[in-house]
Every structure is written in C-alpha cells, then in structure tokens.
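Visitor: Supplied in structure tokens, the structure appears directly below.
Please treat every number below as a calculation from the coordinates, not as lab data. A quick note: this is a predicted structure, and the numbers were derived from the prediction, not measured. Using ideal geometry, Cβ is built from the backbone for each residue, glycine included, and neighbour counts are taken over all protein chains shown.
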Amino acid sequence: MSLTEQITGFVQNVVDAMGLTLTPRIEETPDGTHINLEGEDGGVLVRRGGEGLQALQHLVATAFRKQLGDDNRIVVDCNGFRRDKDAELKQMARFIAGKVLSSGIPQEMGPLNPYERRIVHLTIAEDPKVTSESIGDAFMKTVIISTKN
C-alpha cells in the first residue's frame, strides 16, 4: 500500500468516525498530493474559516510526519474550500506586492498560519522585484512584503 493510500485511508477513517459522509479524491500536483474530500457533509469541516479542515490537515501532518519528510507535501481539502482560499491568498499577495512596488513602503499580511505563509512566500518569489519574510515567534506570524534592494 502506497503512502498516499495509507493517508487517504486515515483521512477516510477520521471523517467516518466523525459521522460524515465524504469521499476522498486524490490529485497529484507539482506542489504535492492533494486529497479533496467531496460531499454534502463538507460544511462541517469548513465552518468558521475552515477550522475543522485545518485540524484534519494537522492530524495528517502529525500522524505521517516521519514518512512524509520535508519534501513531500500532502494537502487535505474539502469541496475545493482550500483551493479557493489559496487563490484568494495569492491574489491578495500580488495586490500587496503591487502596492509595495508603487509606494516603496513595506506592507504586512497576517497573521497567517504556516500553510498560508508558504502560499504567500511562493507567490511573492514569482516576482523578482519584491521579497517577503515572516516575523513573530508564535504559530501565527505576519509576513512583511518589501522591495528588493
């Protein structure tokens, strides 16, 4: 059984134990493996800004940390919620980068969790004229976007 199959089975067991009817669909992307849970019960996971989905993602990361290592990323989504939020975050990062370039004044984004910060840093890295860095010492940190010197 492959690692992806093990993780998918684990996710299915967790949602079954929660009494939810959701079906996992696996998609391999350049960013890693995405497990999208689909079904009418998805609303339970995406309530309150997706707190349940974040908790499930954290469970998967913790349970499979050794097998995944640092390079292999598994993302758990539900009815495209995270995909849509990621697109929104990328759009906001590009907008703020534009403000930084036009004003020359560094701008802040956040507070953001580690997953969200990664999305912002990767988006900012696409533009050679701006840079980003995380500040703070808690789980939720702020990202500062500024022009490159």
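Visitor: If you find the alpha carbon centre of the stretch 24-75 and of the stretch 83-147, how far apart are they in angstrom?
Guide: 22
Visitor: Give the total of Lys-Lys pairs in the chain with Cα-Cα distances below 24 Å; include a pair only if its members are 8 or more places apart or on different chains.
Guide: Within the chain, the lysine pair count is 11.
Visitor: Sum up the charges of everything whose Cβ sits under 13 Å from the Cβ of Gly42, counting Lys and Arg as +1 and Asp and Glu as -1, but leave Gly42 out. Walk me through the numbers on the way to the answer.
Guide: Values: positive: Arg25, Arg47, Arg82, Arg83; negative: Glu38, Glu40, Asp41, Asp77, Asp84.
In short, -1.
Visitor: Based on the inverse mean of 1/r over its pairs of different Cα atoms, what is the Kirkwood hydrodynamic radius of the chain, in Å?
Guide: Details: mean 1/r = 0.0601 Å⁻¹.
With all distinct Cα pairs of the chain included, I get 16.6 Å.
Visitor: With the convex hull built on the Cα atoms of the stretch 3-79, state its orientation-averaged projected area in nm². List each step's numbers first, then the result.
Guide: Values: hull surface 19.0 nm².
Seen from a random direction, the Cα hull of the stretch 3-79 projects 4.7 nm² on average.
Visitor: OK, next. Mean separation of Cα pairs under 8 Å and 6+ residues apart, divided by the residue count of the stretch 3-79: what relative contact order is that in percent?
Guide: Reported relative contact order: 33 percent.
Visitor: If packing is taken as the mean number of other Cβ atoms within 10 Å per residue, what is the order of 60-67, 128-135, highest first? Before the final figure, lay out the partial values.
Guide: On the way: 60-67: 12.9, 128-135: 15.0.
The packing order, highest mean first, is 128-135, 60-67.
Visitor: On average, how much area does the Cα convex hull of the stretch 85-147 cover when viewed from any direction, in nm²? Don't skip to the end; give the middle numbers.
Guide: Working: hull surface 14.5 nm².
Across all orientations, the stretch 85-147 yields a mean hull projection of 3.6 nm².
Visitor: How far apart, in nm, are two points set 7 Å out from the Cα along the Cα-to-Cβ line at Glu126 and at Asn113?
Guide: In this crude label model, Glu126 to Asn113 measures out at 2.3 nm.
Visitor: Measure off 7 Å from each Cα along the Cα-to-Cβ vector at Lys148 and Thr4, then give the distance between these two points in nanometres to one decimal.
Guide: 3.3
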